[in-house]
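Please read the structure below before turning to the comments.
The values are calculated or read from the model by the stated rules, or taken from the named source; none is laboratory data. Bear in mind that the values here come from a model prediction, so they are computed numbers and not experimental data. Cβ coordinates were reconstructed from backbone atoms using ideal geometry, including for glycine residues, and neighbour counts include every protein chain displayed.
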Amino acid sequence: MRDLKVSFATRQGELRAVDGLSFDVGPKEVLGIVGESGSGKSVAMYSILGLVRDSNVKISGSVKFAGREILGLSDRELQGIRGGDVGMIFQDPMTALTPVYTVGWQIAEQIRAHSDVSKQQAKSRAIELLGEVGIPDPATRVNHYPHEFSGGMRQRVVIAMALSCNPKLLIADEPTTALDVTTQAQILDLMEKLQDVHQSSIVIITHDMGVIAQMADRVVVMYAGRPAEIGREIDVVRHPRHPYTWGLLGAVPRVDSKNRRLVTIPGTSVSPLNVPEGCAFAPRCEYRMAICEERPMLHGDDGHLDACWLDDEQRVQIRSTVSSSGDHS
Amino acid sequence: MPAFIARRLLSAVLVLFSISVMVFLIFFATPGVDPAARIAGRSASPQVLAQVQAAFGLNRPLPIRYLLMMEHLFIKHDLTSYVNIGSKVVPQILQAAPVTLSLVIGAAVIWVIVGVLGGVIAAANRGKFIDPLIMFVGIAAVSVPAYWLGEVVNFFTQSKFHSSLFSWVPGSGYVPLTQNPLEWALHLIFPWLTLAALYAGIYARVLRAELVNALNEDYVRTARAKGLSERRILIRHALRCSLISVVSLFGLDFGALIGGAALLTEVVMGLPGIGMLTYNSLQSLDLPVIMGCVMYAAFFVVLANAVVDILYAVLDPRVRIA
């Protein structure tokens, strides 16, 4: 993906939801996209598959999938990619399935949309998939309706559906946000296990640094539609470089911390209607400088990039004072 | 499912029973009103009053009177009007019912087809010219009163262009289907269109709104992410879920129309249906006929509701458990 920009024409002016996002996803790689609500992470992934249906939307940039430019393809051309080469998992499993059809019917529908198999074959494949995602007694459950499943089980059904055509890439949009904590862990384990089996690449969108730490190989931290930091998971989580990432990591509550107060990032996310010309995070940043009026470009080495004007020396200094006061530990 | 249907039909029978009791009480047990005088009509002679007293058992206890009444209505079919001396109520209703059924069923077929097509086409073309056009025609059809539309249609088909364009249109009235199917249809085609216009407009608008809502649902996004065609998403997913509310609307409208709510169309088009019968009996305060018509109407409203509930369960699996 190169320089993806998504904007919406609104009455209050141009709303820039995604502003210059670039990244690559390698085969079998798990890329995490992390950011607050409204940072443009979901919109970016929806727009590349033509799932943003707003007539006021403007999308530019370049997205190549397996060497083929897919941005700007017609609906008909995208239909083969959606659900076939690219599977999607959504945030809310309670509403993601059509309520009036059995789950087996819905999985079979997708299989039959992408391959020429009989209803019988599609259904037995659906049963197989349901078993694979850990639904007990799949031969019976295949004939049940979505409302007869719990939230976690429904998310398993959605995952089974997304995997039904052996996609090369799986996009998971906050797959665990709507689930309770124990179910979250099960779903993440399941996704890891299935990734081993199916050898798909995964883009996982989340606001939860814990999910990133468990799943991702590489991370994109987004703020106000722009990438703030990109790098290997271990680098970003252990040695974060951008002040926004420091804030995000600090906001994960820790059981072993003596700090009773939850750490927050001061202020609220900027409105995408008027993102500052300079660094988008500057208004909330403790380490704001004069130069932050100018937009920082992603820079760095060894695949660990960030968009911040702080130089290495300043960062080392800030990090050492911060960790001694225990604020961002 | 069979258990659900059985339960639903049983409750329909219970509702019908309680309606019959209520209707009976209103007509025969309203305090301060002499039912005999009301049944016999204005300025009835003492002999007639005595006759009424005997026929309806008005000096006997209330439950007996109820049973006698039901016997007249449903078993002996000999409930008699005292306004139009000698005319029996039940045969009148049985004669009027096919007219209304023909009118309403035919119109319903037209309005469901036109309404669903209109709603789907409008929703599929949101933001284009055709969507507001269909919605405008819809609101126009809803706004035009049936009696006015009927008169205009009559004016054009029966007098203005009757000698040229509409020479094939027969005069107003009704020909039974069993007697001559072609004449039956020819007599009914314009009444059908007149009655269907209002409902087609309502259904197109309701369905469009439902579809637009459904198209914003998460499951539509899922369907798109599955790589389905837009047509399949619209028909198999969005329309299928939107039909649920249209079906419940249809049941209410259909039941009420069969029960006599097609009155305006029947009167304007000169069709001797249930609406017309009710209208005439109300004008002459023909109590036995009014009561018969009310019972008949209640029967169809309750039946239509039961059928709708069963259809509901067919369409929406979530209802079946309840």
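When each of B:Ala256, B:Ala304, B:Ala298, B:Ala238 is tested for being in a helix (DSSP H, G or I) and over 22 Å from B:Ile19 (Cα atoms), the lone residue that passes is B:Ala238. Of the residues making up segment A:137-158, at least one is in contact with a strand residue (DSSP E or B) (Cβ under 8 Å, 6 or more places away or on another chain) and of a type in the set (A, V, I, L, M). Among what's in segment A:56-82 and is touching a residue at least 12 places away in the same chain (Cβ under 8 Å) and within 12 Å of chain B (Cβ to nearest Cβ), pick the residue that is surrounded by the most Cβ atoms within 10 Å (Cβ to Cβ). Here the residue is A:Arg82. Say whether the condition of being buried (at least 19 other Cβ atoms within 10 Å of the Cβ) and in a helix (DSSP H, G or I) is met by at least one residue in segment A:162-175. Yes, there is a match, as at least one residue in segment A:162-175 is buried (at least 19 other Cβ atoms within 10 Å of the Cβ) and in a helix (DSSP H, G or I). Among the conditions (1) surrounded by 22 or more Cβ atoms within 10 Å (Cβ to Cβ); (2) part of a helix (DSSP H, G or I); (3) away from chain A (no Cβ under 14 Å), B:Leu271 misses just one, which is (2). For segment B:296-322, filtering for residues that are surrounded by fewer than 20 Cβ atoms within 10 Å (Cβ to Cβ) and within 18 Å of B:Ser87 (Cβ to Cβ) leaves 0. For segment A:91-106, the set of residues classified as within 18 Å of A:Ile205 (Cα to Cα) and either at pLDDT below 90 or more than 8 Å from chain B (Cβ to nearest Cβ) (or both) consists of A:Gln91, A:Asp92, A:Pro93, listed by residue number.
B:Leu243: under 23 Å from the mean Cα position of the chain (by Cα), within 14 Å of chain A (Cβ to nearest Cβ) and not acidic (Asp, Glu), yes or no? In short, yes.
Any residue at all in segment B:209-219 that's touching an Asp or Glu at 6+ places or on another chain (Cβ under 8 Å), more than 13 Å from every other protein chain (Cβ to nearest Cβ) and not aliphatic (A, V, I, L, M)? For segment B:209-219, residues touching an Asp or Glu at 6+ places or on another chain (Cβ under 8 Å), more than 13 Å from every other protein chain (Cβ to nearest Cβ) and not aliphatic (A, V, I, L, M): absent. Restricting B:Gly251, B:Gly227, B:Gly201 to those that are outside any helix (DSSP H, G or I) and under 30 Å from B:Asp316 (Cβ atoms) reduces the list to B:Gly227.
B:Glu230 passes every criterion in (1) more than 14 Å from chain A (Cβ to nearest Cβ); (2) surrounded by fewer than 19 Cβ atoms within 10 Å (Cβ to Cβ) apart from (1).
If the condition is being aromatic (Phe, Trp, Tyr) and not in a helix (DSSP H, G or I), then segment B:81-126 contributes only B:Tyr82.
Confirm whether A:Met88 is within 21 Å of A:Ser42 (Cβ to Cβ) and more than 7 Å from chain B (Cβ to nearest Cβ).
Numbers: within 21 Å of A:Ser42 (Cβ to Cβ): yes; more than 7 Å from chain B (Cβ to nearest Cβ): no.
No; evaluated as a whole, the condition is false for this residue.
Each row is one residue, and each column tells you yes or no for (1) touching a Phe, Trp or Tyr at 6+ places or on another chain (Cβ under 8 Å); (2) without any contact (Cβ under 8 Å) to a residue 60 or more places away in the chain.
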{"position": "B:Tyr203", "(1), (2)": "yes, no"}
{"position": "B:Asn213", "(1), (2)": "no, yes"}
{"position": "B:Arg221", "(1), (2)": "yes, yes"}
{"position": "B:Arg232", "(1), (2)": "no, yes"}
{"position": "B:Val246", "(1), (2)": "yes, no"}
{"position": "B:Ala261", "(1), (2)": "no, yes"}
{"position": "B:Gln283", "(1), (2)": "no, yes"}
{"position": "B:Ala298", "(1), (2)": "no, no"}
{"position": "B:Val301", "(1), (2)": "no, yes"}
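Check whether at least one residue in segment B:250-259 is within 14 Å of chain A (Cβ to nearest Cβ) and surrounded by fewer than 20 Cβ atoms within 10 Å (Cβ to Cβ), and report yes or no.
Within segment B:250-259 (the criterion being within 14 Å of chain A (Cβ to nearest Cβ) and surrounded by fewer than 20 Cβ atoms within 10 Å (Cβ to Cβ)), the answer is no, since none of the residues qualifies.
Matching residues to (1) modelled with pLDDT of 90 or more; (2) among the polar types (S, T, N, Q); (3) more than 23 Å from the chain's Cα centre (by Cα):
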| residue | (1), (2), (3) |
| --- | --- |
| B:Ala122 | yes, no, yes |
| B:Gly127 | no, no, yes |
| B:Ile130 | yes, no, yes |
| B:Met135 | yes, no, yes |
| B:Pro145 | no, no, no |
| B:Phe161 | no, no, yes |
| B:Leu165 | no, no, yes |
| B:Gly173 | no, no, no |
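Residues in segment A:260-302 that are over 22 Å from A:Arg16 (Cβ atoms), loosely packed, with under 11 Cβ neighbours inside 10 Å and of a type outside the set (Val, Ile, Thr): A:Arg260, A:Arg261, A:Leu262, A:Pro266, A:Ala290, A:Asp301, A:Asp302.
Looking at segment B:44-63 only, could you name the residues that are within 18 Å of B:Asp34 (Cβ to Cβ) and part of a helix (DSSP H, G or I)? Working first, answer last.
In the first step, residues of segment B:44-63 are kept if they are within 18 Å of B:Asp34 (Cβ to Cβ); the result is B:44-62.
Within segment B:44-63, B:Pro46, B:Gln47, B:Val48, B:Leu49, B:Ala50, B:Gln51, B:Val52, B:Gln53, B:Ala54, B:Ala55, B:Leu62 qualify.
Could you tell me whether segment B:71-80 includes any residue that is touching a Phe, Trp or Tyr at 6+ places or on another chain (Cβ under 8 Å), in contact (Cβ under 8 Å) with a residue 40 or more places away in the chain and in a helix (DSSP H, G or I)? No, segment B:71-80 contains no residue that is touching a Phe, Trp or Tyr at 6+ places or on another chain (Cβ under 8 Å), in contact (Cβ under 8 Å) with a residue 40 or more places away in the chain and in a helix (DSSP H, G or I).
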